[in-house]
Amino acid sequence: MAKSTRHVRGKAPAKRAGGGSKTRFSDDGGADGVLHRIAQALERLSPPSPPGLDFAAADAFVWHPEERRLIAVARVNRVDMSLLKGIDRVRDLLVENTERFARGLPANNALLWGARGMGKSSLVKAAHAAVAAAHRAAGLKLIEIHREDIESLPDLMGLLRQARQRFIVFCDDLSFDAEDTSYKSLKTMLEGGIEGRPENVIFYATSNRRHLMARDMVENERSTAINPGEAVEEKVSLSDRFGLWLGFHRCSQDEYLAMVEGYVSHYRIPVAESELRRESLEWATTRGARSGRVAWQYVQDLAGRLGVRTTEE
């Protein structure tokens, strides 16, 4: 005897294996709506596309990695090349290297290291200004990257690689601490990696340390490592990837006085030579050092007392 088929009201027929009947979802609360909201959330989390880069807007820029943007610098804080005294040899070497780069010829990354206040960063900015003015067709631009943003160098290189202009990427006061691994991004950009450094980019850095790490850090690495030579080699080799090393040393008294006199002459500060010499030497003595920075600080004080402006119009 055949069994009767019973129909239960209010229940949808069971879904067959293989997807016999399709389930419909509304756009506002169903599967399509959920996927749409997920896509919107992922889009908000992803970094924004960089805006169109207008390199004609300025000759210098500052890299902001959190926004993946280059911010134009309307007026660069720099001094004229003629005011940099006591560094003639390193000045000529850096300018010559920068000129070769601007002309599309082989040039080296440069590390300017040595005594504080002797014009390392001032020379980089002055060399850029002089060469950019002499080689306008090259479109030579200066881009500053802060020490704490070194890890973002690959992103910056990706933005610059396709540009027609040529770029000096500049990092002031570069050094690394014992636990800092961001130097690996710099090593890759300088020489290593599959892509390597873009042909239109060169890297200039200033540092008080010749090997970009403190001596006690090197000694600590040697004392705790199984193979001391190999432990230190990776960090010390970073400096070796700069083809041009330019050393800055403490200036003599005559060089210090020449710096002071150069500033006084440039800004036309009315002061007697004997008084200038006495005051400027006393100023250096109270600070325990002679350098271009100390000379500039004295001239700022002198100009202020005499009511002379030292800002360029």
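Just so you know, all these numbers are worked out from the coordinates, no wet-lab data involved. The structure presented is a predicted model; accordingly, all values stated were derived computationally and were not measured. Using ideal geometry, Cβ is built from the backbone for each residue, glycine included, and neighbour counts are taken over all protein chains shown.
For the range 82-98, what does the Karplus curve 6.51 cos²θ - 1.76 cosθ + 1.60, with θ = phi - 60°, yield as ³J(HN,Hα) per residue in whole Hz, taken in order and with x for Gly and Pro? With the stated coefficients, the range 82-98 comes to 5, 8, 8, 9, x, 10, 4, 5, 5, 4, 5, 5, 5, 5, 5, 4, 5 Hz. Principal axis extents of the C-alpha atoms in the range 101-163 (largest first, rounded to whole Å): 36, 32, 18. Annotation: the residues M157, M118, M259, sorted from fewest to most other C-beta atoms within 10 Å of their own C-beta, follow the order M157, M118, M259. Footprinting exposure proxy ranking of T310, T285, fewest other C-beta atoms within 10 angstrom first, gives T285, T310. Annotation: amide H of V201 within the under-5 Å range of F167, sequence separation 5 or more or interchain, hydrogens built in the peptide plane.
Near G114, the amide H atoms lying under 5 Å from its own belong to S207, N208, R209, F248; only residues 5 or more places off or on other chains count, and H is placed 1.01 Å from N. Couplings 3J(HN,Hα) for the range 66-79, derived from phi with the Karplus relation 6.51 cos²θ - 1.76 cosθ + 1.60 (θ = phi - 60°), are 5, 9, 6, 10, 10, 9, 5, 9, 5, 9, 7, 7, 8, 10 Hz, where x marks Gly and Pro.
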